[in-house]
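Participant: Below are the structure tokens for one structure; questions will follow.
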Amino acid sequence: MTKIGYHSSHEQFKPSELLQYVQMAQQAGFTHALSSDHFHPWSEQQGQSGFAWSWLGAAMQATPGLNYRVVCAPGQRYHPAIIAQAAATLAEMFPQRFWITVGSGQALNEAITGDKWLCKSDRNTRLKECVDIMRALWRGDTVTHQGLVCVEEAKLYSRPETPPLIIGAAVTAQTAEWLGSWADGLITISRPPEKLKQVVDAFRRGGGEGKPMLLKVQLSYDRNEDIARQKAHQQWRNNIFKNILMTELRSPQQFDAAGEFVKPEEMNEHVRISADPQQHIEWLQQDVELGFDELLLHNVNREQQQFIQVFGEKVLPVLQTN
């Protein structure tokens with residue numbers, strides 16, 4: 001059975017609002033939730049950015065029927081030993097309900113430390129160091145490490161019986177292939193099927209065959225397609241650029257400046273826009289055919305209650321019987 005999740009976008013909503021939305025999502029039949037983890041929003045209009053790790057404890061307590069994943073970039077803004085401790089605490093309190101997804105980060109969030117923003121290859125090296133450190137701490141090892149991150153005689157005393165899986169985040173096929181050799185699974189974002197298949201094939205080729213694959217689906221639903229497009233443009237036009245730009249811009253103001261040149265009709269290439277629930281079902285069924293185990297739905301406009309209600313009634317029952 002396909003697992004369908006609700007994406008909790010901290011950049012767009014206050015933490016208290018998101019708590020209400022995941023409770024609605026659970027009632028509507030969603031089984032999973034994905035939490036973003038930003039310091040800054042993508043734009044001034046989004047205007048929020050709550051601390052995911054505080055929110056997760058409250059959300060998991062409030063929604064016992066949901067399993068959670070969080071997107072995180074250990075290595076610069078977060079020391080990996082601290083993230084290992086945070087993830088271990090959640091996994092101990094809520095067994096089998098929490099996975100962590102990791103990526104190499106974006107300057108928008110990580111550069112706030114004032115440390116040098118590394119090139120992509122060095123960020124990947126740092127990420128792998130962080131993953132190895134976290135896994136060692138979850139085993140109960142005392143860890144000392146000197147590299148792009150440093151750890152001195154760290155040991156975790158509160159550990160879960162079963163450590164959380166570490167799911168690797170990839171946008172490009174090259175990164176997906178690299179992740180296949182060491183990550184417990186893959187998370188990527190929705191794109192046209194032919195491009196998505198390239199990422200899936202690369203992950204499997206790199207060693208990911210048989211590992212879980214998660215897809216963050218960016219969509220915009222409203223009662224009218226033109227309205228859905230306009231609302232997607234208002235909230236998400238800054239998020240459609242190539243990864244080489246997305247990882248390098250440093251402030252919401254810079255993203256807003258880039259987004260000024262994006263026209264509403266350009267959103268169709270990057271966000272699934274439709275007022276027809278059946279069209280969304282067909283798109284999601286294609287994702288299932290590509291082999292994705294979890295579809296984590298992000299309605300990028302602000303109409304969350306409408307989205308949760310309609311998809312709970314018309315979309316989830318179809319997909320969850322497959």
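Participant: Share of the chain's accessible area from carbon and sulfur, percent, 1.4 Å?
Facilitator: C and S fraction of accessible area: 49 percent.
Participant: Segment 78-148: percent of C-alpha pairs farther apart than 14 Å?
Facilitator: Roughly 64 percent, once rounded to a whole number.
Participant: Which of the three applies to segment 88-194, rounded, prolate or oblate, going by the alpha-carbon gyration tensor with a ≥ b ≥ c and a/c under 1.5 meaning rounded?
Facilitator: Judged from the Cα gyration tensor, segment 88-194 comes out oblate (a/c at least 1.5, b/c at or above a/b).
Participant: Hey, another quick one. Under the definition of Cα pairs under 8 Å and six or more residues apart, what whole-number percent is the relative contact order of segment 203-322?
Facilitator: With pairs under 8 Å counted, the relative contact order is 43 percent.
Participant: Continuing with the same structure: Treating only the Cβ of Lys, Arg, Asp and Glu as charged (+1, +1, -1, -1), what charge dipole size does the chain show about its Cα centre? Round to the nearest 20 debye.
Facilitator: So the dipole magnitude of the chain works out to roughly 300 debye.
Participant: Of the residues Phe255, Phe241, Phe39, which exhibits the maximal mean-square fluctuation in a Gaussian network model of the chain defined by a 10 Å Cα contact cut-off?
Facilitator: Looking only at Phe255, Phe241, Phe39, the biggest GNM fluctuation is shown by Phe241.
Participant: Same structure, new question: Just list whichever of Lys128/Lys242; Lys14/Lys216; Lys14/Lys211 have alpha carbons separated by over 29 Å in the model shown.
Facilitator: From the list (Lys128/Lys242; Lys14/Lys216; Lys14/Lys211), the Cα-Cα distance tops 29 Å for Lys14/Lys211.
Participant: With unit charges on the beta carbons (Lys and Arg positive, Asp and Glu negative) and the dipole taken about the Cα centre of the chain, which residue among Cys150, Gln230, Pro64 sits farthest to the positive side?
Facilitator: Checking the options against the dipole of the chain, the answer is Cys150.
Participant: Go ahead and set up a Gaussian network model of the chain, Cα springs under 10 Å, then flag whichever of Gly291, Gly50, Gly168 fluctuates most.
Facilitator: Between Gly291, Gly50, Gly168, it is Gly291 that shows the largest mean-square fluctuation.
Participant: In addition: Quick one: accessible area per residue over the chain, 1.4 Å probe, rounded to a whole number of Å²?
Facilitator: In whole numbers, the chain has 42 Å² accessible per residue.
Participant: Right, next: Which of the listed residues, Ala176, Ile83, Thr113, is farthest toward the dipole's positive end in segment 74-199, when Lys, Arg count +1 and Asp, Glu count -1 at the beta-carbon?
Facilitator: Ala176
Participant: A follow-up question, please. Taking all protein chains together and a probe of 1.4 Å, list Arg191, Arg250 from the most accessible to the least accessible.
Facilitator: In descending accessible area the options line up as Arg250, Arg191.
Participant: What net charge do the residues around Gly5 carry, taking every other residue with its C-beta under 15 Å from that of Gly5, with Lys and Arg at +1 and Asp and Glu at -1?
Facilitator: The answer is +1.
Participant: Among the aspartates and glutamates, select those whose C-alpha is under 20 Å from the C-alpha of Lys155, and discard any that sit fewer than 8 residues away in the same chain.
Facilitator: Of all the aspartates and glutamates, those that pass the test against Lys155 - Cα under 20 Å, at least 8 places apart if same chain - are Glu92, Glu129, Asp132, Asp141.
Participant: Between Leu219, Leu290, Leu66, where does the largest GNM mean-square fluctuation fall for the chain, given springs only between Cα atoms within less than 10 Å?
Facilitator: Between Leu219, Leu290, Leu66, it is Leu290 that shows the largest mean-square fluctuation.
Participant: Check the straight Cα-Cα distances from Lys116 and name the aspartates and glutamates below 16 Å, setting aside those fewer than 8 residues away within the same chain.
Facilitator: Glu248
Participant: Let me ask something else. Taking GluC sites (Glu not before Pro) as candidate sites, keep only those in a DSSP loop with at most 10 other Cβ atoms within 10 Å, then name the longest stretch of the chain containing none of them.
Facilitator: Longest stretch, sites excluded: 1-160.
Participant: Of all DSSP beta bridges located in the chain, what percent are antiparallel, nearest 5?
Facilitator: Antiparallel bridges: around 10 percent, rounded to the nearest 5.
The values are calculated or read from the model by the stated rules, or taken from the named source; none is laboratory data. Computed from a predicted structure; not experimentally measured. Please note: Cβ atoms are built from the backbone with ideal geometry, for glycine as well, and neighbour counts cover all protein chains shown. Keep in mind that these areas ignore ligands, DNA and RNA; they rest on the heavy atoms of the full protein, side chains included. Shrake-Rupley method; radii C 1.70, N 1.55, O 1.52, S 1.80 Å.
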